[in-house]
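What follows is a set of notes on a single structure, which appears directly below.
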Amino acid sequence: MENLEAGRWSRIKRLISSLKVEPYMFLLMFSYSIKAVTVQELYQDKTCLFELKMSKHFCLGLQNKLYKSSSIKMKILKLSSDYSLYQTLIHFTPSAILSLYSGIWCTRYTHAYKTLLMISAIGFCIETAVLIYYAIYFDSTHPLMTLTAFFSGGLCGGMLTAVSVVYSFVSQDCDEDMRVVRFALLEFSYYIGK
């Protein structure tokens, strides 16, 4: 009985010590989800003020129920969703191209995983810093300028490269008996972060 419990504890210890990219995946998805909401609000506010030339009072009350069916509000939501589409294209087009080569690079070079994950994280940090700058200097930037923040994330690999590298790493890093558990934990950290 003690031998069986000692075996379980050693297996749990081995599993915990093998977790390397799961916390990275959780933090990546968590930060990406938080940023998505605030960026959408930033697009709406900037569109209201700069493109439609509405008053600050109107733009601040945009979430109010009085403006629920307003044609101006619908126009603002349409334009901000257009900006979200442009953001996705800017971010994911270079990222998709880079992710095609990242798998090949990872199989040839041992430390490519760490390098690609660090480059993706640096790209996301630059992206976030630029977005913070545009939020602080809100009145001096047009909504189109906000889209420039997403070039750094895309050019540094972005979400696609980070996710493909993480999944490649887990498949090559773990033993066969732990592979199912590691992928389950990776999926868990992916979806709980979202």
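Search region 108-134 for residues being of a type in the set (S, T, N, Q) and free of Cβ contacts under 8 Å to residues at least 12 places away in the same chain, and hand back the single one that is surrounded by the most Cβ atoms within 10 Å (Cβ to Cβ).
THR115
Taking region 136-163 as the region of interest, how many residues are among the aliphatic types (A, V, I, L, M), modelled with pLDDT of 90 or more and in contact with a helix residue (DSSP H, G or I) (Cβ under 9 Å, 6 or more places away or on another chain)?
Residues in region 136-163 being among the aliphatic types (A, V, I, L, M), modelled with pLDDT of 90 or more and in contact with a helix residue (DSSP H, G or I) (Cβ under 9 Å, 6 or more places away or on another chain): 3 in total.
Mind checking which residues of region 160-187 are touching a residue at least 40 places away in the same chain (Cβ under 8 Å) and either in contact with a Pro (Cβ under 6 Å, 6 or more places away or on another chain) or over 20 Å from LEU100 (Cα atoms) (or both)?
Scanning region 160-187 gives ASP173, CYS174, MET178, VAL181, ARG182, LEU185, LEU186.
Do we find that PHE92 is more than 17 Å from LEU42 (Cβ to Cβ) and either among the small types (Gly, Ala, Ser) or surrounded by 17 or more Cβ atoms within 10 Å (Cβ to Cβ) (or both) in this structure?
Answer is yes for this residue.
Residue by residue, here is whether (1) touching a strand residue (DSSP E or B) at 6+ places or on another chain (Cβ under 7 Å); (2) in a helix (DSSP H, G or I); (3) modelled with pLDDT of 80 or more; (4) surrounded by fewer than 15 Cβ atoms within 10 Å (Cβ to Cβ) holds:
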site: ILE12; (1), (2), (3), (4): no, yes, no, yes
site: ILE34; (1), (2), (3), (4): no, yes, yes, yes
site: GLU41; (1), (2), (3), (4): no, yes, yes, yes
site: LEU49; (1), (2), (3), (4): no, yes, yes, no
site: LYS53; (1), (2), (3), (4): no, no, yes, yes
site: SER69; (1), (2), (3), (4): no, no, no, yes
site: ILE72; (1), (2), (3), (4): no, yes, yes, yes
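When you check TYR137 against the structure, is it farther than 19 Å from PHE26 by Cβ and either free of Cβ contacts under 8 Å to residues at least 40 places away in the same chain or not hydrophobic (A, V, I, L, M, F, W, C) (or both), yes or no?
For TYR137, the condition - farther than 19 Å from PHE26 by Cβ and either free of Cβ contacts under 8 Å to residues at least 40 places away in the same chain or not hydrophobic (A, V, I, L, M, F, W, C) (or both) - is met.
Taking VAL166 as meeting all but one of (1) hydrophobic (A, V, I, L, M, F, W, C); (2) surrounded by 21 or more Cβ atoms within 10 Å (Cβ to Cβ); (3) modelled with pLDDT of 90 or more, write down the number of the exception.
(3)
Among the numbered criteria (1) surrounded by 13 or more Cβ atoms within 10 Å (Cβ to Cβ); (2) part of a helix (DSSP H, G or I), which one does LEU62 miss?
(2)
Could you please find all residues in region 147-159 being surrounded by fewer than 21 Cβ atoms within 10 Å (Cβ to Cβ) and either under 17 Å from GLY103 (Cβ atoms) or β-branched (Val, Ile, Thr) (or both)?
Selection gives THR148, MET159.
The values are calculated or read from the model by the stated rules, or taken from the named source; none is laboratory data. No experiment lies behind these values; they were computed from the predicted model shown. Neighbour counts run over all protein chains shown; Cβ positions are idealised from the backbone, glycine included.
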